[in-house]
Amino acid sequence: MEPSPTDPIIAPSILAADFAHLADQVHAIEGAADWVHVDVMDNHFVPNLTIGLPVVQSLKKATSIPFDVHLMITDPERWAPGYAEAGAHNVTFHAEACDNPVALAKTLRAAGAKAGLAIDRDTPVEPYLELLPYVDTLLIMTIKAGFGGQKFLPEMLEKVRDVRRRIHAKDLQVRVEVDGGIAADTIEQAAEAGADAFVAGTAVYGADDPADAVRKLKAQVARVSARA
Ligand code: DX5
Ligand code: ZN
């Protein structure tokens, strides 16, 4: 079930899962995870190459967890709508790869998905703050996009604070998602900065019990909210 718009979301990234058993790996987080985060990389926008639409379409049939598709690809105008049509809950494309983010966000919403805009490590967020009314999710990379297992960059949280301030000031309903190096030792600072959706690859799939790892991360975020 989709959480209420203000409940924090934990989105395990299958990039850190066993690709030979993807359906089993998604089943392992069912009942605990809110979204499953799918990293699509094209060996062009980023050097790495992962999976594409056929895998998403097949995996979609194996689970009812909402899909959070993170497109690290060039030409998202061409490819992103296919993921929305495949039933992805949220489709996020990169600001650096898109000439007209507002138009693409509209297309994604018209296809029935939430629209997400991602900001990579070396991209300032200020020029994109005015686009917030047109998107449902603003994803702040807390690493350089391309590979799992990298070290969390706390200086990226200044962007999270900026975005959260603007969302609050304009009374908008936009999720602020963080992606990269999110784990037990970093998730609380991200939550304090204003993130309300948390991607975690290694921290979930590197654990002996992925569902338990998700629950523990969620409890940490709840503790931050209780303190606020
Ligand atoms: C990297 C991906 C991330 C990755 C995060 O570019 O966007 O979603 O899976 O992995 P961890 O949590 O291991 O940093
Ligand atoms: Zn990602």
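None of the figures in this text is laboratory data; all of them are computed from the coordinates on show. Everything quoted here is computed from the prediction, not taken from an experiment. All Cβ positions, glycine included, derive from the backbone under ideal geometry; neighbour counts span all protein chains shown.
Residues in the range 43-84 that are in contact with a strand residue (DSSP E or B) (Cβ under 8 Å, 6 or more places away or on another chain), assigned to a loop (DSSP other than H, G, I, E, B) and aliphatic (A, V, I, L, M): 46, 51, 65, 73. Figure legend. Inter-residue proximity from the range 25-37: first residues on the phi < 0 side of the Ramachandran plot, second residues within 16 Å of ligand 2 (Cβ to nearest atom) and among the aromatic types (Phe, Trp, Tyr), beta-carbon distance below 9 Å, spacing 6+ or different chains. Indicated pairs: 25/19; 25/205; 28/205; 29/205; 35/67; 36/67; 37/67. Evaluation of residue 151 against the conditions (1) within 16 Å of ligand 2 (Cβ to nearest atom); (2) in a helix (DSSP H, G or I); (3) surrounded by fewer than 16 Cβ atoms within 10 Å (Cβ to Cβ) shows that the sole unmet condition is (2).
The residues in the range 108-147 that are buried (at least 21 other Cβ atoms within 10 Å of the Cβ), in contact (Cβ under 8 Å) with a residue 40 or more places away in the chain and in contact with a helix residue (DSSP H, G or I) (Cβ under 7 Å, 6 or more places away or on another chain) can be counted, and the count is 4. Against the numbered list (1) within 15 Å of ligand 2 (Cβ to nearest atom); (2) part of a helix (DSSP H, G or I), residue 225 comes up short only at (1). If the Cβ limit is 9 Å and pairs must be 6+ apart or interchain, which residue in the range 57-73 that is on the phi < 0 side of the Ramachandran plot and surrounded by fewer than 18 Cβ atoms within 10 Å (Cβ to Cβ) pairs with which residue that is part of a loop (DSSP other than H, G, I, E, B) and not aliphatic (A, V, I, L, M)? Note: pairs meeting the criteria are 57/87; 63/30; 64/30. Being within 16 Å of ligand 2 (Cβ to nearest atom), of a type in the set (D, E, K, R) and out of contact with any helix residue (DSSP H, G or I) (no Cβ under 9 Å at 6 or more places or on another chain) is not true of residue 171. Here residue 20 meets each of (1) surrounded by fewer than 12 Cβ atoms within 10 Å (Cβ to Cβ); (2) part of a loop (DSSP other than H, G, I, E, B) with one exception, condition (2).
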